[in-house]
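Data block below; observations after.
The values are calculated or read from the model by the stated rules, or taken from the named source; none is laboratory data. Since the model is a prediction, treat every value here as computed from it, not as a measurement. All Cβ positions, even for glycine, are placed from backbone atoms using ideal geometry, and neighbour counts span all protein chains on display. Side chains are part of the model used for accessible areas, which takes the heavy atoms of the whole protein and leaves out ligands, DNA and RNA. Shrake-Rupley method; radii C 1.70, N 1.55, O 1.52, S 1.80 Å.
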There are 2 protein chains.
Amino acid sequence: MAKRRLVVIGGDAAGMSAAAQARRRDAELEITVFERTPYVSYASCGIPYYLAGLVESKTELIARTPEEFEKQGIQVRASHEVTAIDLEEMTVSYRRLQDGQTTDEGRWPFDVLVIATGSRPVVPNIPGVNATGVFSVGNLYEGEMIARYVVSEHPRRAVVVGTGYVGLEMTEALVRRGLEVTLVGRSQQVMSTLDPEIAVKVTEAVRNLGARVVLGEHLQGLEVDSSGRVREVVTSNSRLPADMVVLGLGVRPNSDLAKAAGLRLGVRESIAVDPYMRTEFENVWAAGDCIQLHHIVTGRPTWGSVATAANKTGRIAGRNLTGDHVTFPGILGTAVTKVGEVEVARTGLNAREAEEAGFRWRAVQVDSLTQSRYYPGTASLTLRLLAEEGSGRLLGAQIVGGQGAAKRIDTVVVALQAGLSVHEVEDLDLSYAPPFAPVWEAVILAARQLAEGA
Amino acid sequence: MAKRRLVVIGGDAAGMSAAAQARRRDAELEITVFERTPYVSYASCGIPYYLAGLVESKTELIARTPEEFEKQGIQVRASHEVTAIDLEEMTVSYRRLQDGQTTDEGRWPFDVLVIATGSRPVVPNIPGVNATGVFSVGNLYEGEMIARYVVSEHPRRAVVVGTGYVGLEMTEALVRRGLEVTLVGRSQQVMSTLDPEIAVKVTEAVRNLGARVVLGEHLQGLEVDSSGRVREVVTSNSRLPADMVVLGLGVRPNSDLAKAAGLRLGVRESIAVDPYMRTEFENVWAAGDCIQLHHIVTGRPTWGSVATAANKTGRIAGRNLTGDHVTFPGILGTAVTKVGEVEVARTGLNAREAEEAGFRWRAVQVDSLTQSRYYPGTASLTLRLLAEEGSGRLLGAQIVGGQGAAKRIDTVVVALQAGLSVHEVEDLDLSYAPPFAPVWEAVILAARQLAEGA
C-alpha cells in the first residue's frame, strides 16, 4: 500500500510544529513542507532584536534547519511557493523561486493537507509604496532585507508608520542602530490594544528612547526621488524627510490560497476551523496565523497574529491528523513588549473591546511597585484592571512599568482563563518577598477596589 | 453611651491592618494597640536586607510610625507587653518595658479584642543558647540587635543554624557583611519545603555565595568562653568555631496568651478561628501569624508564618468586627526567596506533602529559560510540577533559576486556587515576547508532559 502523503503549506512555527508532531506520531507518513522563503522554523518575533543588533546572527533565530527536519524524515522545500490548492484532485501547485525567477514548477499530491500560510503585513495602496527604502516586516527574509539596507545604504532618518508592537519594536531597533527615527500613528494614542490611560505612558517611553512621535496623522503617500528611492513621508498634516520607511500597519491572515480553493473564511478572512483545527474538508487542516480563533472572554470568533497560538494550533493539527482528538480553547489577546526599559503587557479586553462585546464594565488603575518599597532597585508599575459590573467577573488587564512589571500579566491570564471574579483575585496567595514584590500585589489592590465598588 | 473599646494585642502588620480597617469603618470606636517591642507596622521580611546593608536604615522598614496611627485616632502603646487576657472581665493585663524593667502595669478593658500576637522563633533547649553572640531573628528589634553586634563586635565567623528561608537569607546577609559563614542543617537538604531535586540547586547557590554548607548534622550545644560569649557550635558530627550564631530553626505561633485565656488551639497550637477570623468567643478575633489557616489544596487546617496572609487576615478581622462579612479562603504555602542571583519559589504541595495528604501524585521537572534562547541575558529556569494521578489536578510547583524565574510561580498559584488541571494549564494564553519568555513557558511544557503521561 502506498504511504499516506501529508503536505504542509508554510514552514513557519505552526507548519513545522504540525509536521514534527505528525512525524512523531506516525513514522509511516510521507511529509513534505513547502515554504515560500528560504527559511523555515524561525522566530519571527526575534526579528526586531536581530535588527537592533541584540541578536548577532540571523541563524540564532532559526530553531531548526531544513537539514535537521530532513533527518527526521520531513522533506522541506524552501523557496517553494504554493500557488494553488486543488481540493478535488488533492494536489497543490508549486513553483520554485530563485532570485525572483521561477526555476521549477509542478503539482504535488496529498492525502492530508495542513495550511499554515501565516499572516502578512498590511501594505497600503498609496503612491511610492514600492520605492527603494520602503519596507514592511513580516518574516525573517524581510527582516534581513532591512538589516542589509541599513548596513549598505547608511540611512540617517527613518520613519516608522504604525504604532502597534511591530512599529514600536522597529522604532527602538532603528534608534539602537543610530538612526533618527520618527514614529507616526493615525490614532491619538500608540497601541490601540491598550486603553488611552496606559498608552500615554508608552508614548512617553518611546519619546524617552529619543524617537519623535507624531500621532493623529494619516499616511497619505511617499515621495520618491529620481533614482526611485524614498525621500519623504506625506501625512495628513506633515511632510517627514526619510531615508527609509518601515511600515508597521499590522498584519492580516494570509488566506488567499484557502479562499481560492473554496474554503470557508471567517473574521478578517481568516480560515475557519473547528476546535480540532480541521476545516470543513475531512483531510484539510489549518493552523497558525492564518486561522480564525476563539476569544475566551467574549466567546466570539476573533483573529490575531499570536506566536504562541501559532505553535499550539500547529501542534494540535499535527496530533489530530494522526488520530488524536485534542482541542484548542482559544486566546485572550495576551501580548507583551518592551520599549527601552519600560515593559508593557495586556490581556483580555480593553475598555473599547469590553464595550463592543456588550459588557457593562468598570476599570480601576493602581500605581504600585515591582518590589518592596525599601528594596534597592524597585521600579514603578501601573496596572489597569477591568471587570464586569455586578458579577465582578474579570475582563482584562494592562500593565506598564519597570523591570519585572510585564510578566505579572500572567496572573490575570490564568484568572481570565479560569473565569475568576475580582472577589477571588483579591484572595490569591501570590508570592511575596521584598526582592520580588510589595506585600500587596497591584492586582490584589485593583481587584479589591473593584470588589469594594470604590 | 460609652464608646465601644477595641483592643489589639500585637502591632505587627496583622494587628495594625485590623486597627486601620476598624478605624476606617467605624469612626466612633476607641482603639488601643499594645505592642511588646518598640516598633509597630514594620516589614519583618525586610530584616535580612537591612542586615545585609541593602536597606540603609531600619526606619525604611517601618510602613507607618505610631504618630501616624495616633493621627488616625489609633492609640499605640509600644514597648507594652500584654501578660494576660481575662475573657470574663473583658480586660487585658499589661506592663510597660523599658530597658528590661517594668515601669508601668495595669489592666485595660475591651469590648472587642483582636489577638495578633504573631509568631516567634523556635529556640532549642540546649547548653549555651543564652550566650552573648547567639541570636534568633523574629522581629525588627532582634534584627537590630544582630546588626549592632556585627558593627560593634566585629565577629569574623558566623554559624547559621537552620536551612529555611530565614537561615538562607541570614547566611547571605552575613556573607555580604564580610563574615565567614557556615550554614548548618539537620536534614540532608536545605529548605524542607522543596523537593530534594530542587533543593540541591539551592544548596549549590548557597555555596556559590562563598558560604560553607554542612548538612545532616544535628545541633547539640553551644560552647561558651569565660566571658559568656559563644565560641563554638557543637553538632552531632562537627565542632564549628563561631564568633556569632544565628538560629533560624523556624517559628511557631505565639499563642501563649490565647492558650492561657482558654481559647481553642489547632495545628501547632495556633489559634483556631472561623473563616471570618472570629474565635469561639463572640467579641474575640484573631489574625496574623498566630492563627490556624486553611490549606486550599489539602482542604485541611495548616499553619505557617505568611506575611501576606497576616496582612489579609488582619484586614478581614478589622472589617468583620465592624460589621462586615468577608472570609479568607486560606493559603497554598506560596513562598519565594533569593540566594545570590538564584531565585527560588514554591507553592502548593511538594512530594512529601502530597504523600502525607493522601494524593496519588506525579511530578515532572523541566529545564527551560526565562527569555528566548537567542535573547541576550536569558537565564536558566527549572520548574517542577506536581499533579494528581488520573484527574491531572494541579497540586504544586517549585521553581529555581535566574532573574525572572521565581515570580512565574504566580501562574501556578492562580491555577491551584482555581482548581485547574494540567490539561487546562497546557493551553494557557501566557504572555510571550523574546525579552520575557520562550515561546513555550516551562509551566506549559511541564503540564503537557504530565497530561501526556510522559
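Worth a mention:
- Any chance A:Arg319 is open to solvent by 10 Å² or more (accessible area, probe 1.4 Å), more than 19 Å from A:Ser270 (Cα to Cα) and part of a helix (DSSP H, G or I): yes
- On inspection, A:Arg362 fails the criterion of being in contact (Cβ under 8 Å) with a residue 12 or more places away in the chain, surrounded by fewer than 22 Cβ atoms within 10 Å (Cβ to Cβ) and assigned to a loop (DSSP other than H, G, I, E, B).
- Residues in the range A:264-281 that are farther than 22 Å from A:Asp324 by Cβ and among the aliphatic types (A, V, I, L, M): A:Leu265, A:Val267.
- Taking the range A:336-362 as the range and being more than 14 Å from chain B (Cβ to nearest Cβ), under 19 Å from A:Val414 (Cα atoms) and small (Gly, Ala, Ser) as the test, only A:Ala354 passes.
- Candidate set from the range B:322-343 (those that are part of a strand (DSSP E or B) and among the aliphatic types (A, V, I, L, M)); member that is farthest from B:Asp26 (Cα to Cα): B:Val342
- Subset of the range A:294-311 that is of a type in the set (A, V, I, L, M) and at the interface with another protein chain (Cβ under 10 Å from one of its Cβ atoms) - its residue that is nearest to A:Val92 (Cα to Cα): A:Ala310
- Of all residues in the range A:84-111, those being in contact (Cβ under 8 Å) with a residue 24 or more places away in the chain and either open to solvent by 80 Å² or more (accessible area, probe 1.4 Å) or of a type in the set (A, V, I, L, M) (or both) number 6.
- Output for the range A:19-49, where each listed residue is more than 14 Å from every other protein chain (Cβ to nearest Cβ) and within 22 Å of B:Ala437 (Cα to Cα): A:Val40
- For A:Thr313, the stated conditions do not hold, so it cannot be described as out of contact with any Cys (no Cβ under 8 Å at 6 or more places or on another chain) and either surrounded by fewer than 24 Cβ atoms within 10 Å (Cβ to Cβ) or at positive phi (or both).
- Counted residues, the range A:300-316 - those being in a loop (DSSP other than H, G, I, E, B) and closer than 18 Å to A:Ala43 by Cα: 3
- Scan of the range A:274-299 for residues that are free of Cβ contacts under 8 Å to residues at least 40 places away in the same chain and part of a loop (DSSP other than H, G, I, E, B), ordered by number: A:Asp274, A:Glu280, A:Glu282, A:Gln292, A:Gly299
- Listed by position, the strands (runs of 3 or more DSSP E) inside the range B:99-212 whose residues that are modelled with pLDDT of 95 or more and under 20 Å from B:Ile47 (Cβ atoms) number at least 3 are B:157-161.
- Scanning the range A:3-23 for residues that are part of a helix (DSSP H, G or I) and either free of Cβ contacts under 8 Å to residues at least 40 places away in the same chain or buried (at least 24 other Cβ atoms within 10 Å of the Cβ) (or both) yields A:Ala13, A:Ala14, A:Gly15, A:Met16, A:Ser17, A:Ala18, A:Ala19, A:Ala22.
- Residue satisfying condition, being open to solvent by 50 Å² or more (accessible area, probe 1.4 Å), within 30 Å of A:Arg278 (Cα to Cα) and free of Cβ contacts under 8 Å to residues at least 60 places away in the same chain, within set A:Glu60, A:Glu81, A:Glu70: A:Glu70
- Evaluating A:Gly250 against the criteria (1) closer than 24 Å to A:Gln188 by Cβ; (2) open to solvent by less than 30 Å² (accessible area, probe 1.4 Å) leaves one unmet condition, (2).
- You will find that of A:Arg207, A:Arg212, A:Arg176, the residue that is over 23 Å from the mean Cα position of the chain (by Cα) and under 13 Å from A:Val339 (Cβ atoms) is A:Arg207 and no other.
- Here A:Gly333 meets the list (1) free of Cβ contacts under 8 Å to residues at least 40 places away in the same chain; (2) crowded, with 22+ Cβ neighbours inside 10 Å almost entirely, failing just condition (1).
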